[in-house]
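Read the figures in this text as sums done on the coordinates, not as results from a lab. Being a predicted model, the structure only gives us computed values, none of them experimental. Cβ: placed from backbone, ideal geometry, glycine included. Neighbour counts: every protein chain shown.
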Amino acid sequence: MKKKTEKLLEILSGQPVIPVLKIERIADAVPLARALARGGLPAVEITLRTPEALDAIRLVVDEVPEAIVGAGTILSGRDFTNAAAAGARFVVSPGTTQELLDAASHSSVPFLPGAATPSEIMAMREEGYRVLKFFPAEQAGGAAFLKSIASPIADVRFCPTGGISVKNAADYLALPNVVCVGGSWVAPDTDLSAGNWDAVTELARQAVALPRGR
């Protein structure tokens, strides 16, 4: 577990924002990943919300060596296995089940499980997890919630996702228990539809420049 946690932290701490991507057209996968990497965001989370997702992960892994591809919206052990087989370097779930914990325990791929309450966070801590996804961040209490648990649960760090944008990302990044945030604003649907990759690269650069706490 310790080695997988270290691998996950190395990925997540490398950039302030992890782009959360929903690939509707497989042709967008490679140019999108390249545009984000050019802007300083090589680590991306491709969500399993579309039929193209696993193929998109395989394609980016094969054709964009500078990218660090993760898989998100993992809801079952089968999802976990398929994502790992597609080449995902890390796996993210919105919540956590015993089936997912079992799949993660049999895989070398780091797992970022979701939690939204003190009890869920403590349960994951008992399982050995020290880095969690806080989801849905804004709806579950936002930066104020994470600030309030930083002292009583001091050894757990978070990647909050859900409702985060350029307007509030800095509020989360200023917290000592936040390693990064997840967000989709760096890859707007309008720019994807238009193939405006330069605009995506510029949004990535702006995200990289966001201030972070210590």
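Tell me which lysines have Cα within less than 21 Å of Lys3's Cα, excluding those fewer than 8 residues away on the same chain?
Cross-link targets: Lys133.
For region 1-101, take every pair of Cα atoms, bin their distances at 10 Å starting from 0, and report each bin as a whole percent.
All Cα pairs, binned at 10 Å, distribute as 16, 51, 29, 4 percent.
Can you compute the FRET efficiency between Ser148 and Glu127 using 1/(1 + (r/R0)^6), with r the Cβ-Cβ distance and R0 = 22 Å? Round to the nearest 0.05. Can you show the working numbers first?
Values: r = 23 Å, r/R0 = 1.02.
Result of the calculation: an efficiency of 0.45.
Using alpha carbon centroids, what distance separates region 1-65 and region 135-176, in Å?
Value for the Cα centre distance between the two parts: 22 Å.
Once you put a point 7 Å from the Cα of Ile26 and another 7 Å from the Cα of Lys167, both along the Cβ direction, what distance in nm separates them?
3.8
Which of Thr117, Thr47, Thr161 moves the most in a Gaussian network model of the chain with Cα springs under 10 Å?
Thr117
When the Debye formula is applied to the Cα atoms of the chain, each taken as the same point scatterer, what base-10 log of I(q)/I(0) results at q = 0.15 Å⁻¹?
Normalising to I(0) and taking log10 leaves -0.89.
Please list, in chain and number order, the residues 5+ apart from Leu112 or on another chain whose amide H is under 5 Å from its amide H, with Hs placed from the backbone.
Under 5 Å from the amide H of Leu112: Val91, Val92, Ser93.
Given the options Arg78, Arg58, Arg89, which has the most mean-square fluctuation in a GNM of the chain, springs set between C-alpha atoms less than 10 angstrom apart?
Result: Arg78 has the largest fluctuation of those listed.
If r is the Cβ-Cβ distance from Ser119 to Leu9 and R0 is 22 Å, what FRET efficiency results, to the nearest 0.05?
On the way: r = 24 Å, r/R0 = 1.09.
My answer for the efficiency is 0.40.
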